[in-house]
Amino acid sequence: MAAFLQWRKFVFFDKDTVKDPVDSGKNVVLPGGISACDSGRGHIIWLMTRSLQLTYFQAYKLRVTHLYQLKQHSILISVGQDEQGINPLVKVWNLDKRDSGNPLCTRIFPAIPGNKPTEVSCLSVHENLNFMAIGFTDGSVVLTKGDITRDRHSKTLTLHEGSSPVTGLAFRQVAKVTHLFVATLERVHCYTLSIKEYPKVELDTHGCALRCSSLADPSQDSQFIVAGDECVYLYQPDERGPCFAFDGHKLLAHWHRGYLFLLIRDAKSPNKTGFGNRESSPSDKQLLTIYDLDNKFIAYSASFDDVIDVVAEWGSFYILTRDGKMFVLQEKDTQTKLEMLFKKNLFVMAINLAKSQHLDSDGLSEIFRQYGDHLYLKGDHDGAIQQYIRTIGKLEPSYVIRKFLDAQRIHNLTAYLQALHRQSLANADHTTLLLNCYTKLKDSSKLEEFIKSSDSEVHFDVEIAIKVLRQAGYHSHAVFLAEKHMHHEWYLKIQLEDLKNYQEGLRYIGRLPFEQAESTMKHYGKTLMLHVPEDTTLLLKGLCTNYHPSGDAPEKDSPERSRVNKANSEEFIPIFANNPRELKAFLEHMIEVDPCSPQGVYDTLLELRLQDWAHEQDPQRKRVLQGEAVSLLRSDNTVFDKALVLCQMHNFKEGVLYLYEKGKLYQQIMHYHMQNEEYGKIVEACKRYGDQEGCLWEQALGYFARKEEDCKAYISEVLHHIDQNNLMPPLLVVQTLAHNSTATLSVIKDYLINKLQRESQQIEDDERKIRQRGFTQEELQQFAKIFQKTKCNMCNSPLELPSVHFLCSHSFHQHCFESYAESEAECPTCTPENRKVMDMLRAQDQKRDLHDHFNRQLRSSNDGFSVVADYFGRGVFNKLTLVTDLPGNKTAGSLEGNLQKDLLIHTKRNC
């Protein structure tokens with residue numbers, strides 16, 4: 001129960017006397033003898049329009065006792081008498097239709113319960129025009145159900161009977177349920193009309209006087225209001241609701257637009273009792289009070305003389321007094337009300353009022369701000385921050401933050417920033433500030449609660465939060481955030497750089513997707529290799545073969561399983577800079593599982609194996625390492641130049657010789673053996689590679705010739721091969737061996753004898769061939785040449801006369817010779833070969849005189865020897881003697897041509 005004296009009083013209404021529209025200087029004068037009035041559909045007081053023009057018509061012959069104007073229909077229900085006695089009539093009027101200038105009366109029926117004459121005490125009509133209830137002084141209530149505007153479509157029944165006069169009726173419609181509240185002087189009942197039996201519920205054992213009950217609007221859940229002398233009661237259809245202690249003798253109770261209007265007899269006025277006779281003498285003073293039940297304050301209170309009724313129409317409230325005056329109460333606008341409350345620092349009441357008036361969010365936010373400022377100035381910082389929190393989304397956060405930046409107000413600032421994050425309106429700076437507040441307060445529980453909240457509860461910049469937590473030393477919290485929100489870089493940065501938890505960092509990398517795991521290992525691989533080399537090597541092996549995250553178990557046929565994720569193993573070699581053992585294991589694993597590994601893998605592995613071989617002291621182990629290195633070279637996966645340099649750097653003889661042989665660098669093999677003075681190896685190399693490169697024997701002879709040691713056996717063997725293959729002229733051999741003081745004549749005696757014998761034999765053979773190939777002029781004159789050819793060399797048919805014979809032993813039919821011969825002096829068969837020789841001689845002869853061009857080219861060339869060799873090959877330096885044919889002698893011409901060919905052949909051999 002709320003005490004009346006605790007409610008604050010305000011003047012939220014402006015009171016004014018209604019002026020006459022015709023003569024604005026005069027007040028409106030109401031007609032006398034008003035016994036009933038109502039409002040609705042733009043009319044008040046039977047009948048006055050908004051322009052205050054009074055219209056009237058005669059509804060009854062004697063008097064009107066009750067009026068009820070529907071709000072949603074132009075239907076007026078009246079109760080009155082047409083003749084003397086107790087015989088009230090109910091008339092239903094349609095104000096939109098006219099009958100001889102008056103409203104159309106659509107229905108008339110007597111209001112008598114059970115054929116007993118009794119007076120009507122109250123009247124109520126449902127807005128859907130399907131129910132009308134009439135209360136009587138004998139305690140009866142008559143309910144008309146159906147279309148109340150017509151007799152045929154409605155029926156009347158007695159709903160309630162009692163001994164106490166009925167003082168109030170009200171229909172309540174919520175959804176599809178219809179209730180009828182019935183108030184008497186002694187009881188309050190409720191009937192449920194939507195149920196066929198019309199069940200009744202007794203709500204209270206005390207009632208109210210006439211006109212002291214009303215029905216509230218939906219803001220008060222459409223409760224039935226009953227105003228007693230001590231209290232005002234509110235009723236639900238099934239129980240009594242709240243109660244308000246408004247003391248005083250109630251004369252009138254109305255509910256209009258969210259306000260409760262109570263007309264109370266002034267305490268100084270004489271008390272008059274009696275049912276149905278609430279009229280007061282002209283000297284009576286009555287106090288009209290307007291209550292706001294929601295916000296618990298009095299909106300207006302004033303005294304009036306003998307009020308007839310209070311009606312609401314056209315957005316204002318009208319008060320009718322018995323002396324003919326009419327006052328209007330116009331409600332102040334919401335902003336004016338709020339300013340009045342602000343001046344009195346009644347911010348809580350202003351907030352409640354704004355909410356009840358459905359003020360927009362901007363207006364409410366301004367009230368909260370002003371309330372917060374008021375509390376802040378009073379020193380109530382806790383209360384102020386609560387009001388500022390309610391402004392979030394409308395008020396700039398910096399306005400509040402600046403007020404609470406003082407360290408002593410850090411708790412309040414923290415609360416505000418928390419609310420800002422809960423509403424997802426915080427930016428990166430707000431997140432930074434909030435986390436700094438937590439760290440300065442050392443409130444680990446709040447900090448943990450903040451970062452572990454779900455994304456739907458709190459939204460903040462995760463990366464900023466991680467940075468702040470890391471800087472403040474809350475590494476475990478930063479790690480939690482980084483892992484939860486999948487900020488892999490920050491997680492690893494904190495684990496590896498701050499917490500030094502290398503094993504956990506490596507485990508985390510193994511759970512990442514392929515691309516992220518690859519980039520992360522390139523960044524942190526050296527650090528991890530330094531502290532956990534074995535596990536890091538194991539992870540790199542998996543990353544470079546067929547990687548799948550450790551926490552991922554895809555289906556067998558899934559795309560992830562079928563796709564091969566393989567990193568380039570060569571890119572991870574620098575990670576093993578200080579871990580050669582792990583690097584060797586990694587590289588050996590790679591070439592084993594992937595023979596097509598990058599070139600750098602093989603080159604690096606070769607270098608490691610050569611290093612191990614060079615530093616190994618155990619002969620048996622050294623042989624094993626040598627075999628591994630050679631097998632890697634033989635795999636043909638290493639780069640030749642790099643492998644050769646590595647073998648030379650480590651003085652790996654087997655590898656160097658293998659690569660020289662692989663690259664056909666036979667002279668380098670010879671030089672290698674020469675540098676190491678391996679005489680037997682030199683001769684062996686000449687035997688193996690002399691066929692591919694004949695100069696090796698010459699180089700070997702020159703090498704042994706420069707040696708002062710006794711190398712007669714090696715020189716003899718080399719000379720033997722040179723002699724067998726005719727690789728050097730004897731003069732050059734003698735000149736070469738002349739430099740060796742140990743090489744006596746006995747060393748080359750056999751060589752020279754054999755050489756001279758072969759030369760003599762060659763001369764004899766050449767002379768014999770010359771004799772066999774042709775005849776001299778004397779022989780031709782002394783001896784006859786016999787031609788015994790039986791077939792033509794052109795058509796291969798038997799020879800027939802006439803025929804043509806040449807000294808080259810070719811014979812032709814005369815007609816074949818004439819058909820195919822290009823010249824009468826040349827054999828058609830030998831012509832192509834002779835022409836080639838003559839063309840060569842002619843070309844050499846043309847180029848012999850190019851001395852200026854030769855000198856110019858020799859001076860400008862970097863390699864003069866190549867130029868001289870080129871011209872030497874062209875025959876520029878040869879002295880050539882041509883043997884021409886004897887004129888007019890065909891036989892001699894052929895012989896000269898053959899001699900000329902032999903001269904050319906010998907000339908080339910001598911060159």
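The C-beta contact set for the stretch 632-660 (first residue under 16 Å from Gln675 (Cβ atoms), second residue open to solvent by less than 20 Å² (accessible area, probe 1.4 Å) and at pLDDT below 70, distance under 8 angstrom, 6+ apart or interchain) is empty. Among the residues of the stretch 317-340, those that are open to solvent by 10 Å² or more (accessible area, probe 1.4 Å) and outside any loop (DSSP other than H, G, I, E, B) comprise Tyr318, Phe327, Val328, Gln330, Glu331, Thr334, Gln335, Thr336, Glu339, Met340. One residue alone among Gln72, Gln81, Gln58, Gln53 is modelled with pLDDT under 70, more than 22 Å from Val307 (Cβ to Cβ) and not assigned by the TED database to the domain that holds Gly258, and that residue is Gln53. If I ask for residues that are open to solvent by less than 80 Å² (accessible area, probe 1.4 Å) and at pLDDT below 70, which ones from the stretch 666-692 would you list? Passing the criteria: only Gly690. The single condition among (1) open to solvent by 30 Å² or more (accessible area, probe 1.4 Å); (2) of a type outside the set (Lys, Arg); (3) modelled with pLDDT of 85 or more that Asn436 does not meet is (3). Scanning the stretch 606-631 for residues that are of a type in the set (S, T, N, Q), more than 25 Å from Glu570 (Cβ to Cβ) and in a helix (DSSP H, G or I) yields a count of 2. The criterion of being closer than 24 Å to Leu260 by Cβ and in the same structural domain as Gln6 (by the TED database) holds for Met326. Against the test of being of a type in the set (Gly, Ala, Ser) and closer than 26 Å to Ser214 by Cα, the options Gly85, Gly146, Gly101, Gly114 yield a single qualifying residue, Gly146. Sub-6 Å Cβ pairs linking a first residue in the stretch 515-526 that is among the β-branched types (Val, Ile, Thr) to a second residue that is assigned to a helix (DSSP H, G or I), at least 6 apart or interchain, are Thr520/Ile509, ordered by first then second residue.
Summed over the stretch 175-201, residues that are surrounded by fewer than 16 Cβ atoms within 10 Å (Cβ to Cβ) and within 15 Å of Ser163 (Cα to Cα) total 0. There is at least one residue in the stretch 566-576 that is part of a loop (DSSP other than H, G, I, E, B) and open to solvent by 30 Å² or more (accessible area, probe 1.4 Å). For the stretch 96-146, taking the residues that are open to solvent by less than 20 Å² (accessible area, probe 1.4 Å) and not in a strand (DSSP E or B), the one that is farthest from Glu161 (Cα to Cα) is identified as His126. Just one of (1) surrounded by fewer than 20 Cβ atoms within 10 Å (Cβ to Cβ); (2) in contact (Cβ under 8 Å) with a residue 12 or more places away in the chain; (3) in a helix (DSSP H, G or I) fails for Ser424. It is (3). For the stretch 628-654, filtered to residues that are modelled with pLDDT of 70 or more and polar (S, T, N, Q), the residue that is least open to solvent (accessible area, probe 1.4 Å) is Thr638. Does Arg621 satisfy the criteria of being more than 30 Å from Gln692 (Cα to Cα), open to solvent by 30 Å² or more (accessible area, probe 1.4 Å), in the same structural domain as Leu539 (by the TED database) and of a type outside the set (A, V, I, L, M, F, W, C)? No. Can you tell me which of (1) buried (at least 18 other Cβ atoms within 10 Å of the Cβ); (2) modelled with pLDDT under 85 is the one Gln357 doesn't meet? All conditions are met except number (1).
From the set of residues in the stretch 447-486 that are at pLDDT below 75 and open to solvent by 80 Å² or more (accessible area, probe 1.4 Å), which is nearest to Ala426 (Cα to Cα)? Selected residue: His459.
Residues checked against (1) closer than 25 Å to Ile786 by Cβ; (2) open to solvent by less than 60 Å² (accessible area, probe 1.4 Å); (3) at pLDDT 70 or above:
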position: Glu833; (1), (2), (3): yes, no, yes
position: Gln846; (1), (2), (3): no, no, no
position: Gln857; (1), (2), (3): no, no, yes
position: Leu882; (1), (2), (3): no, no, no
position: Ser894; (1), (2), (3): yes, yes, no
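A count restricted to the stretch 244-268 and to residues that are in a strand (DSSP E or B), under 14 Å from Leu293 (Cα atoms) and open to solvent by less than 10 Å² (accessible area, probe 1.4 Å) stands at 5. Filter the stretch 783-831 for residues that are assigned to a loop (DSSP other than H, G, I, E, B) and among the hydroxyl-bearing types (Ser, Thr, Tyr); which is surrounded by the most Cβ atoms within 10 Å (Cβ to Cβ)? Step by step, filter the stretch 783-831, then rank; the result is Thr829.
Selection of first residues in the stretch 224-248 that are in contact (Cβ under 8 Å) with a residue 24 or more places away in the chain and of second residues that are surrounded by fewer than 18 Cβ atoms within 10 Å (Cβ to Cβ) and among the aromatic types (Phe, Trp, Tyr), restricted to Cβ pairs under 7 Å at least 6 apart or on distinct chains, gives the following pairs, ordered by first then second residue: Ala245/Phe4; Phe246/Phe4; Asp247/Phe4.
The values are calculated or read from the model by the stated rules, or taken from the named source; none is laboratory data. For clarity, every value in this text was computed on a predicted model and none was experimentally measured. Methodologically, a virtual Cβ is constructed for each residue, glycine included, from the backbone with ideal geometry; neighbour enumeration extends over all protein chains shown. Accessible surface areas use protein heavy atoms only, side chains included; no ligands, DNA or RNA. Shrake-Rupley method; radii C 1.70, N 1.55, O 1.52, S 1.80 Å.
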